[in-house]
Amino acid sequence: MLVTPDTYESVLADLEQYTTWVVDVETNGLEWHGKNQICGVGVAVETGDTYYFPFRHYPSLEAVNLHPPQLFQLMEVMNERSTLIGYNIKFDLHFLENEGLVVSDKELLDVIVLVRLTEPADVREFSLTATIKRSYGEEAAEYDITTKKILRKNKWNKDFSQAPPTILGPYCEKDVEYTWKLYKDRIKELERTNQTEIFKLEKELTHVLYAMEKRGITVDSDYAMQSAEKILQRQEQIKKRIFETVGYEFLITSPAQVGEALKGLGIEPIVKTAKGNVSWGEEALAQVNHPVAGYMRQYRTLDKLRSTYLEPYFDINTVHTSFCNWGTLTGRLSSRDPNLQNLPRTHFRLSDNPLTSEERETVRGRISAAVSAKGGTYNKDLSDEVV
């Protein structure tokens with residue numbers, strides 16, 4: 001149901017009777033820690049009823065938007081809920097907290113974690129759409145595919161607030177509908193496979209990871225700039241060698257110009273694309289037995305290192321990554337946007353009061369004791385002492 005200014009009060013009064021809500025947000029971008037905001041909120045409850053609250057749809061859509069004070073009121077009512085369910089819920093919570101939601105006192109149930117715990121080991125794709133397809137068939141996920149085609153066609157896919165609520169609302173409602181359905185089905189599977197205690201740990205971990213994401217990781221922008229300058233100097237040296245070998249200057253990042261330069265050295269293309277076009281990518285250059293090909297590969301590698309892992313952090317002091325307790329087969333914690341494993345450790349700035357080696361050993365010991373307590377069960381009281 002698309003909530004309008006006329007139906008808002010009655011819908012909210014009806015929702016107040018449920019202690020558990022399934023939530024999903026639509027936004028005008030992905031940077032909850034920056035310039036982006038919620039444009040709408042989807043809610044589902046145990047009856048299967050779904051609602052979409054539009055707040056910031058543009059342009060010229062003020063007539064269908066709910067009023068700003070009503071978003072504040074929605075957050076007040078949501079704050080009275082005991083449990084929130086979502087699919088990759090931390091993303092939604094960051095945006096909701098920016099609008100006034102209090103997260104710390106809620107039970108948080110992340111369905112994507114349930115899916116990871118109950119899927120076969122060889123499954124690698126955990127987006128909501130892919131999970132719906134596997135669980136309920138291709139037709140069930142058609143709403144997502146159809147809506148995203150419309151968004152791309154109208155160039156709304158980068159900023160969902162430009163899409164009318166009549167298009168985005170039903171899409172968001174389907175998301176919360178299937179999130180609720182997946183939750184019910186996967187909880188049963190979790191109980192059948194005796195993983196209830198594991199999920200209790202995951203629920204607590206969701207809170208911890210959320211707080212870590214919100215705080216962010218401090219990066220050393222000075223280090224990034226200094227390292228980028230060194231790489232740039234090395235690139236200039238390599239570029240000089242390439243030009244000396246070829247005999248003239250050209251744009252090394254241009255496949256066409258690279259092809260012409262190599263052709264002048266008597267090097268013919270070996271690799272072609274699926275469409276039959278000549279390729280001078282990494283695979284092709286790796287098969288060329290000539291020093292200039294090696295120089296080009298070095299140049300491109302350094303260029304990617306500089307542009308991807310250093311330059312974006314010149315003016316950023318804190319990185320807000322997304323930690324995934326569902327992203328690996330082994331259960332190892334991973335991260336994305338950015339993947340912290342791709343950044344050198346020297347890129348991170350320690351706090352002004354780092355732990356001493358003795359303090360770190362004490363923390364490790366307490367964590368080990370908390371995890372391996374008598375009976376092999378997790379000792380939450382002891383772990384709280386660690387925190």
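The values are calculated or read from the model by the stated rules, or taken from the named source; none is laboratory data. If you're wondering where the values come from, they're calculated on a predicted model, not measured in any experiment. FYI the Cβ positions are ideal-geometry reconstructions off the backbone, even for glycines, and counts take in every protein chain you see.
Tabulated data
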{"quantity": "Counted residues, region 341-364 - those being under 28 Å from the mean Cα position of the chain (by Cα) and among the aliphatic types (A, V, I, L, M)", "calculated": "2"}
{"quantity": "Residue count for region 14-34, restricted to those that are crowded, with 16+ Cβ neighbours inside 10 Å and either in a strand (DSSP E or B) or over 14 Å from the mean Cα position of the chain (by Cα) (or both)", "calculated": "11"}
{"quantity": "Matching option when the condition is in contact (Cβ under 8 Å) with a residue 60 or more places away in the chain and in contact with a Phe, Trp or Tyr (Cβ under 9 Å, 6 or more places away or on another chain), among GLN235, GLN257", "calculated": "GLN235"}
{"quantity": "Elements of type helices (runs of 4 or more DSSP H) in region 57-157, at least 3 residues being touching a residue at least 12 places away in the same chain (Cβ under 8 Å) and surrounded by fewer than 14 Cβ atoms within 10 Å (Cβ to Cβ)", "calculated": "68-79"}
{"quantity": "Identity of the residue in region 219-257, among the small types (Gly, Ala, Ser) and closer than 18 Å to LYS304 by Cβ, that ends up surrounded by the fewest Cβ atoms within 10 Å (Cβ to Cβ)", "calculated": "SER254"}
{"quantity": "Pairs, first under 17 Å from THR47 (Cα atoms) in region 160-179, second among the hydrophobic types (A, V, I, L, M, F, W, C) and in a helix (DSSP H, G or I), C-beta under 8 Å, six or more apart", "calculated": "ASP175/LEU128; TYR178/LEU128; TYR178/ILE132; TYR178/ALA140; THR179/VAL111; THR179/LEU128"}
{"quantity": "Region 309-340, subset of a type in the set (Val, Ile, Thr) and under 17 Å from the mean Cα position of the chain (by Cα), residue modelled with the highest pLDDT", "calculated": "THR321"}
{"quantity": "Filtered residues of region 85-108 (kept if hydroxyl-bearing (Ser, Thr, Tyr) and touching a helix residue (DSSP H, G or I) at 6+ places or on another chain (Cβ under 6 Å))", "calculated": "TYR87"}
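Residues checked against (1) touching a strand residue (DSSP E or B) at 6+ places or on another chain (Cβ under 9 Å); (2) not hydrophobic (A, V, I, L, M, F, W, C):
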residue: GLU9; (1), (2): no, yes
residue: THR20; (1), (2): yes, yes
residue: VAL45; (1), (2): yes, no
residue: HIS57; (1), (2): yes, yes
residue: LEU66; (1), (2): yes, no
residue: ASN79; (1), (2): no, yes
residue: ASP105; (1), (2): no, yes
